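Okay, structure first, notes after.
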Amino acid sequence: MIRVLIVDDHEVVRQGLRFVLEQEADVEVVGECADGHAAVTAIRDRAPDVVLLDLVMPGLDGLGVLRAIEARGDHAHRPAVVVLTSFLADDRAVAAVRAGALSYLPKTTAVDRVVEAVRAAAAGGSVLDPGVAALLVERVRSAGPDAGPLATLSRREREVLAALSRGRSNREIARALTLSEETVKTYVSSLLAKLGLQDRTQAAIFGLQQGVVALDDALAPPDPPR
């Protein structure tokens, strides 16, 4: 069962999303929130698997919620975030993805696409609106050679990429970064989606090409278990 928290300051939107999701046998809506502060509390208390998150809300906005999730440090129980918003082609899209959102979709998205995004997020996958994906590519290119494609990754995603470049398994990465294996899978799926890569082998090669780790470091044996 996928536990979902709905966060949006418009009651009609929350009711619509709840109705759609409650038709799915594998989805349970564990709560609704109208602002970011309530969302942070609900994420802590109700432990959702997926958060459907609006970006523009009174008080703490969606980006603030994403940053609060990252700041908690409880990566073993970190929810996957699907952003549903009216704002697409602006800096908020890039900021949300960089802050950890797995999916980013407009509120006009078809309901079956929203359900698809929820299921994908629960499994660690990403669903990006084509306009947002194009915007990410544009921003990376316009950032200049010093930024490169790594500019789209969060700090934790870079750490996971470095571990992949060293040939580490999900279990080894989880142990090294004090994360659960499921959380590692989520980060791997997220960075693959952001970088447009197909699998962890491509990610490892990409990491070496980008100098995330030195070749000698990548060939070094893993640290012994503690």
- Restricting attention to the stretch 70-120, and to residues there that are part of a loop (DSSP other than H, G, I, E, B) and of a type in the set (D, E, K, R), which single residue is modelled with the lowest pLDDT? Asp74
- Message: Condition (residue is closer than 17 Å to Gln210 by Cβ and within 17 Å of the chain's Cα centre (by Cα)) applied to the stretch 164-186: is it met by at least one residue?
- Response: no
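The values are calculated or read from the model by the stated rules, or taken from the named source; none is laboratory data. Being a predicted model, the structure only gives us computed values, none of them experimental. Because the Cβ atoms are built from the backbone with ideal geometry, glycine has one as well, and the counts that use them run over all protein chains shown.
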